[in-house]
Each structure stands twice: as C-alpha cells, then as structure tokens.
Amino acid sequence: MPVDLHTHSSCSDGSDSPEELIANAAAAGATTIALTDHDNLNGIDRARAAAGAHGIELIPGTELSVRWERGAMHLLVYFLEPATGPLQDRLAQLQDGRADRNLRVVRALQDLGIDITYDEVEREAQGQGIGRPHIAAVLMAKGVVPDIAAAFDAYLAKGRPAYQERYRLDFVEAVELARASEAVPVIAHPHTIGVSADDYGAALRYGASIGVMGIEAHYSEYSPDTRAALAALADDLGVVATGGSDYHGTYKPDIDLVVGRGDLAVPEAVVDRLAEAQRTLE
Ligand code: AMP
Ligand code: ZN
Ligand code: FE
Ligand code: FE
C-alpha cells in the first residue's frame, strides 16, 4: 500500500503540475500522497481535486527552511490547510524572502560573468514558486553546467560563490506556528541538520521537546540501516517515523514518486499516526 509524504509540484520546484503528480502517483499505486511544495499551498486545491478523482487521499502540506544554528533544517508541515491561520499568514513573507534571494543569486551569477537573466529563470519556473533548481535548470540549458547537481556544486549550494541567504522562520517559531495552525511539524531528511550521527539523539530530542511530532526516517537517499536507525530513534522519542521520496520530477531525475531510488517503502501506518498526532492539536 504505497504512500509518499514528501513531493513537490510545479507550484514550487517540481516539474509535474499538481494534476500530473497525482496521476503519476495513482499510476504508481499510491493510496496517500502529501504535497509539500516549498513555502506555499498553491497546489493543494488542485491536487486534492485530482486525488479525489483518482481515489487517493491527499494530505495538504508544505516544506519550510528554518533557522537553526547548525545545518540546513527543513521542516515538513502536514495537514496545513490553504486558509488563513497562524502559519499560513506567514507564508507570503517567506515567498517575498525567496523572491528577493532569487534576484540576488542571479545577480551574483551575472557578477561571475555568466550570461543569465531573471526573465529566463521566471520562464523556466513558469512564474511561480521559483527556487534554486530552476536557476540550475537555466544554467544547464545554457551549457554552463552538465546537470542540475553540477550547478549546485559549482554555484548554488551553501558555501559556493552564488549562494545567498534568505529570510527564514526560526525553528522554534515555525514549530509553534505549525501547531497553532493544527498542523503537524516533522523534521525532514535529518541528515542535513548539521549534526554527526552521534549527536542525532540530542538534536532530535531537542526537536521533540519543542513540539516536533515526527522525523522523516524513510527517505529516498538513506540506506536501509539509516532508515531503521532513524525510525528507532523516532520511536524512542515518541514521535512518528514518517517518510517520502522528495520527488521533484525532472529537477531530481534519479528520484521517482513513492519508490525513490527504487527501494523506498513508506509504511502505510504512518498516515494514521500522523492523523492521530494532528487530532491532539485540535
Ligand atoms: P531553495 O528552496 O530555492 O533554496 O532550493 C532548495 C531545493 O534545491 C531543495 O529542495 C532541493 O530540491 C534542491 N537542492 C538543494 N541542494 C541540492 C543539491 N546539492 N543538488 C541538487 N538539488 C539540490
Ligand atoms: Zn525542492
Ligand atoms: Fe528539503
Ligand atoms: Fe523537499
């Protein structure tokens, strides 16, 4: 009973429209899909309508990049409805910060002597939810780099010459806002949060203590051992071990919906556990 709780559509930096994403999920046999576009809920209504037509359950969500003293902390927020609310009302500010950052990245690339314009990036993204993968795709189309990964390695990743910071919510604040919106905050792909394997326990325990309700254990890019270790840690902390592919369509060409790199299997029971967690917030 395949489920996938981490996906991106063309409303952020995925290549599938919400309808295409749901059709592809149905073709993969999925029963539940969470749409988790970065910083916005723009695709939720369309995805939900398509999911209804395909007999799939749609969990509305988003993925936020939050301020945290160490690495890149991403927070998945589940059951966040496209409506007004404490977290929803902050999303416009995050989108403004993203737009401002995107302009600075393009300017930095221009300063490095690269022929790229913001118009080209907007055209690549079809005008919405613009992110670094779109900039990477323009660099690839122009022959500046061979592929998207190379664009990050050479220019766009943190520490590379065109990297620019953007406005983020603080980790604690983001968790509080999510819960106040009756939505379930989950630490995404915890291997990017900037702690060594030995320190995971402490970092994730801290997360649980401030209200994080899940840890993404079943992630495409993790080995079976890592998934099992993270799931055991989630159990110890009394939070849900969630999972998903982080599908982006052609922007992450080696990741498929539902199965990730081929070996991903997110337990269907995760869906009920997340729903139970959500009910405690009502
Ligand atoms: P942004 O939200 O615009 O800062 O872009 C973040 C997105 O870029 C992530 O969700 C990934 O899809 C993608 N990304 C980040 N780092 C890399 C990388 N090293 N290689 C390929 N894609 C990446
Ligand atoms: Zn992304
Ligand atoms: Fe992420
Ligand atoms: Fe993601």
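The values are calculated or read from the model by the stated rules, or taken from the named source; none is laboratory data. These figures come from a predicted structure and were not determined experimentally. Note that each Cβ is placed from the backbone with ideal geometry, even for glycine, and that neighbours are counted across all protein chains shown.
Is it the case, given these coordinates, that Gly85 is of a type in the set (Gly, Ala, Ser), away from ligand 1 (no atom under 16 Å from the Cβ), surrounded by fewer than 21 Cβ atoms within 10 Å (Cβ to Cβ) and farther than 22 Å from Gly207 by Cα? Walk me through how you get there before you give the answer.
On the way: of a type in the set (Gly, Ala, Ser): yes; away from ligand 1 (no atom under 16 Å from the Cβ): yes; surrounded by fewer than 21 Cβ atoms within 10 Å (Cβ to Cβ): yes; farther than 22 Å from Gly207 by Cα: yes.
The answer is yes for Gly85.
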Quick one: count up the residues across segment 220-268 that are closer than 28 Å to Ser15 by Cα, in a loop (DSSP other than H, G, I, E, B) and away from ligand 2 (no atom under 16 Å from the Cβ).
-> 12
Which residue pairs have Cβ atoms under 8 Å apart, sit 6 or more places apart or on different chains, and have a first residue in segment 45-71 that is under 30 Å from Ile210 (Cβ atoms) and among the basic types (Lys, Arg) and a second that is more than 15 Å from ligand 3 (Cβ to nearest atom) and not in a strand (DSSP E or B)?
-> Arg70/Val195; Arg70/Ala203
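Given the criteria buried (at least 21 other Cβ atoms within 10 Å of the Cβ) and over 18 Å from the mean Cα position of the chain (by Cα), does Ala51 qualify? Step through it out loud before you land on a result.
Working: buried (at least 21 other Cβ atoms within 10 Å of the Cβ): yes; over 18 Å from the mean Cα position of the chain (by Cα): yes.
Yes; evaluated as a whole, the condition is true for this residue.
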Top-ranked residue in segment 1-44 [being β-branched (Val, Ile, Thr) and within 18 Å of Leu94 (Cα to Cα); ranked as nearest to ligand 2 (Cβ to nearest atom)] = Thr36
Of residues in segment 1-48 being at negative phi, surrounded by 20 or more Cβ atoms within 10 Å (Cβ to Cβ) and acidic (Asp, Glu), the one farthest from ligand 4 (Cβ to nearest atom) = Asp16
Considering each of Gly127, Gly143, Gly113 in turn, give the residue that is closer than 26 Å to Ala92 by Cα, without any contact (Cβ under 8 Å) to a residue 40 or more places away in the chain and either of a type in the set (S, T, N, Q) or outside any helix (DSSP H, G or I) (or both).
-> Gly127
Return a yes/no flag: does segment 155-172 have any residue that is part of a helix (DSSP H, G or I), away from ligand 4 (no atom under 16 Å from the Cβ) and farther than 19 Å from Leu64 by Cβ.
-> yes
Counting only strands (runs of 3 or more DSSP E) entirely within segment 1-78, those with at least 2 residues that are away from ligand 1 (no atom under 16 Å from the Cβ) are 32-35, 57-67
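So that you can scan it fast, the table gives a plain yes or no per residue for (1) surrounded by fewer than 19 Cβ atoms within 10 Å (Cβ to Cβ); (2) in contact with a Phe, Trp or Tyr (Cβ under 9 Å, 6 or more places away or on another chain); (3) part of a helix (DSSP H, G or I); (4) among the hydrophobic types (A, V, I, L, M, F, W, C):
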{"site": "Glu81", "(1), (2), (3), (4)": "yes, no, no, no"}
{"site": "Val106", "(1), (2), (3), (4)": "no, yes, yes, yes"}
{"site": "Glu120", "(1), (2), (3), (4)": "yes, no, yes, no"}
{"site": "Pro133", "(1), (2), (3), (4)": "no, yes, yes, no"}
Might you check whether a residue that is in a helix (DSSP H, G or I), among the hydrophobic types (A, V, I, L, M, F, W, C) and in contact (Cβ under 8 Å) with a residue 40 or more places away in the chain occurs anywhere in segment 187-196?
-> no
Leu177 vs. criteria closer than 22 Å to Glu69 by Cβ, at pLDDT below 95 and more than 16 Å from ligand 3 (Cβ to nearest atom) = no
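Looking at Thr192, is it of a type in the set (S, T, N, Q), within 16 Å of ligand 4 (Cβ to nearest atom) and farther than 19 Å from Leu35 by Cα? Working first, answer last.
Values: of a type in the set (S, T, N, Q): yes; within 16 Å of ligand 4 (Cβ to nearest atom): yes; farther than 19 Å from Leu35 by Cα: yes.
For Thr192, the condition - of a type in the set (S, T, N, Q), within 16 Å of ligand 4 (Cβ to nearest atom) and farther than 19 Å from Leu35 by Cα - is met.
Can you report the number of residues in segment 228-243 which are of a type in the set (Gly, Ala, Ser) and crowded, with 21+ Cβ neighbours inside 10 Å? Before the answer, list the steps.
From segment 228-243, those of a type in the set (Gly, Ala, Ser) are 228-229, 231-232, 234, 238, 241, 243; that's our starting set.
Then drop every residue that is not crowded, with 21+ Cβ neighbours inside 10 Å, which leaves 234, 241, 243.
Residues flagged as of a type in the set (Gly, Ala, Ser) and crowded, with 21+ Cβ neighbours inside 10 Å within segment 228-243 amount to 3.
Based on this model, can you work out whether Pro267 counts as surrounded by fewer than 17 Cβ atoms within 10 Å (Cβ to Cβ) and either closer than 19 Å to Ala34 by Cα or touching a residue at least 60 places away in the same chain (Cβ under 8 Å) (or both)?
Working: surrounded by fewer than 17 Cβ atoms within 10 Å (Cβ to Cβ): yes; either closer than 19 Å to Ala34 by Cα or touching a residue at least 60 places away in the same chain (Cβ under 8 Å) (or both): yes.
Judged against the criteria, Pro267 is a match.
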Residues of segment 191-227 being hydrophobic (A, V, I, L, M, F, W, C), surrounded by fewer than 18 Cβ atoms within 10 Å (Cβ to Cβ) and at pLDDT 95 or above, which ones?
-> Ile210
